[in-house]
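Asks: Before anything else, here's the structure in question.
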Amino acid sequence: MIKKLMYLFMLLPLTACSGQAMIVSDDFIVHAFKVGKADSLLISHQGEYVLIDTGEEDDGEKILRHLQSNNINKLKALVITHYDKDHVGGADSLVNALDIEHVYVPNYESDSKQTREFLQAIDNKQLVLEKITGISELTVGEVKGEMYPTMQTMEGDNDHSLVISLRHGDTGFLFAGDIEAPRIAELLMDTAIRMPHTFLKVPHHGRFNEQTTALIEAVRPMYALITSSDKNPEHDETVAALEAVNAHIFTTRKGDIEFHSDGGEITVRED
């Protein structure tokens with residue numbers, strides 16, 4: 001069973017009411033969108049925003065509405081972890097509508113319809129596509145971390161996922177894209193990435209493989225986010241592995257979720 005924890009606390013909104021000044025939170029915030037079995041996460045700190053993935057094609061407008069309703073018209077960065085349609089699908093509409101400083105992508109090619117539309121939008125806006133070929137810095141506000149590409153030739157899209165590690169004070173956040181067993185094994189052997197992390201975006205929507213338990217035991221998250229749906233739920237074996245390390249497990253099935261870090265503790269709000 002997935003454990004549900006509700007935290008009752010007062011949250012500063014990202015913005016004030018219309019016509020009022022922006023309220024900038026000192027919290028590092030991860031906003032996970034409910035986009036079915038797909039990924040889109042908005043991370044923010046001190047008025048800067050980074051979007052990790054964009055869901056499927058129809059999700060772009062929903063994400064854009066959320067951003068615009070919070071007076072967010074500029075992204076410090078857009079990160080496409082890999083070119084699966086449930087990660088890059090909404091990117092073209094967001095690129096067309098937003099001011100984006102950096103666009104980070106993995107170093108491989110895809111000819112999918114959604115990727116072609118994304119690349120056309122990048123070209124139309126005359127943006128520079130920054131391919132991540134080695135460990136690269138990612139910052140949002142004063143929160144710093146790294147993007148980790150695969151250093152091998154991998155089969156398929158999933159194992160080309162960029163893995164992102166960010167730290168805010170004593171809290172660590174690991175976003176694992178859709179990595180599968182070969183890439184997890186590579187990641188666990190990488191001495192450059194510091195484990196554990198307080199938060200884990202569970203890879204590949206909670207699907208279990210022979211390396212899933214090893215990853216969870218290495219990360220030992222207090223909080224685990226699974227981007228799944230009722231139609232495509234996470235695997236029971238993944239849930240069991242997370243429960244074995246006493247992780248508090250959250251899914252995006254019922255609505256958006258926010259994780260707030262003050263640098264010492266994480267609090268959670270569910271829609």
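Asks: Stick to Cα atoms and the Kirkwood definition of Rh, then tell me Rg/Rh for the range 101-216.
Replies: When Rh is taken as the Kirkwood radius, the ratio is 0.98.
Asks: Extent of the range 224-271 along each principal axis, from alpha carbon coordinates, in Å, largest to smallest?
Replies: Principal-axis extents of the range 224-271 (Cα, largest first): 33, 25, 10 Å.
Asks: Moving on. Rg over Rh of the range 183-237, using C-alpha atoms and the Kirkwood radius, what does it come to? Walk me through the numbers on the way to the answer.
Replies: Values: Rg = 11.6 Å, Rh = 11.9 Å.
Using only Cα positions, Rg/Rh for the range 183-237 is 0.98.
Asks: Let me ask another. Report Rg (one decimal) and Dmax (nearest whole number) for the range 38-89, counting Cα atoms only, units Å.
Replies: Expressed in Å, the Cα Rg and Dmax of the range 38-89 come to 10.6, 31.
Asks: With r as the distance between the Cβ atoms of E210 and Q152 and R0 = 25 Å, compute the FRET efficiency 1/(1 + (r/R0)^6) and round to 0.05.
Replies: E between Q152 and E210, to the nearest 0.05, is 0.90.
Asks: Using only the alpha-carbon atoms of the range 132-198, report the extent along each of the three principal axes, biggest first, to the nearest angstrom.
Replies: 36, 22, 19
Asks: Gain in length, D58 to E142, computed as 0.36 nm per residue apart minus the alpha-carbon separation, to one decimal in nm? Provide the component values of the computation, followed by the final result.
Replies: Values: separation 84, 0.36 × 84 = 30.24 nm, distance 3.24 nm.
Result: 27.0 nm gained on full extension.
Asks: For H66, project a label point 7 Å along Cα to C-beta. Then give me every residue of the range 92-128 with its amide nitrogen under 18 Å of that point.
Replies: From the range 92-128, the list is 92-99.
Asks: What percent of all Cα-Cα pairs in the chain falls in each 5 Å bin, counting up from 0?
Replies: Binned Cα distances yield the sequence 1, 6, 14, 18, 21, 19, 13, 6, 2, 0, 0.
Asks: Here's something else I'd like to know. Return the inverse of the average 1/r over all pairs of distinct C-alpha atoms in the range 87-151, which is the Kirkwood hydrodynamic radius, in Å to one decimal.
Replies: After inverting the mean inverse Cα-Cα distance, the result is 13.0 Å.
Asks: Additional query: P(r) for the range 175-271: what percent of alpha-carbon pairs falls in each 10 Å bin, starting at zero?
Replies: Percent of Cα pairs in each bin: 15, 51, 29, 4.
Asks: Residues with beta-carbon under 11 Å from that of D262, excluding D262: net charge, scoring Lys, Arg +1 and Asp, Glu -1?
Replies: Result for the local shell: -4.
Asks: Mean separation of Cα pairs under 8 Å and 6+ residues apart, divided by the residue count of the chain: what relative contact order is that in percent?
Replies: 18 percent.
Asks: Could you order the peptides 100-107, 191-198 from most to least packed, using the average number of other C-beta atoms within 10 Å per residue?
Replies: 100-107, 191-198
Asks: Kindly state, to the nearest 0.05, the FRET efficiency for E101 paired with D230, given R0 = 22 Å and r defined as their beta-carbon distance.
Replies: Working from the Cβ atoms, E equals 0.05.
Asks: Relative contact order, percent, of the range 21-84 when contacts are C-alpha pairs under 8 Å separated by at least 6 residues?
Replies: Computed value for the range 21-84: 27 percent relative contact order.
Asks: Give, in nm to one decimal, the length gained when the segment between D190 and D170 is fully stretched (0.36 nm per residue of separation minus the Cα-Cα distance).
Replies: On the way: separation 20, 0.36 × 20 = 7.20 nm, distance 2.14 nm.
My answer for the length gained is 5.1 nm.
Asks: What accessible area per residue, rounded to a whole number of Å², is obtained for the chain using a probe radius of 1.4 Å? If you can, show how the numbers build up before the last one.
Replies: Details: 12030 Å² over 271 residues.
With the other protein chains kept in place, the chain gives 44 Å² per residue.
The values are calculated or read from the model by the stated rules, or taken from the named source; none is laboratory data. If you're wondering where the values come from, they're calculated on a predicted model, not measured in any experiment. Because the Cβ atoms are built from the backbone with ideal geometry, glycine has one as well, and the counts that use them run over all protein chains shown. Areas reflect the complete protein model, heavy atoms only, side chains present, ligands, DNA and RNA absent. Shrake-Rupley method; radii C 1.70, N 1.55, O 1.52, S 1.80 Å.
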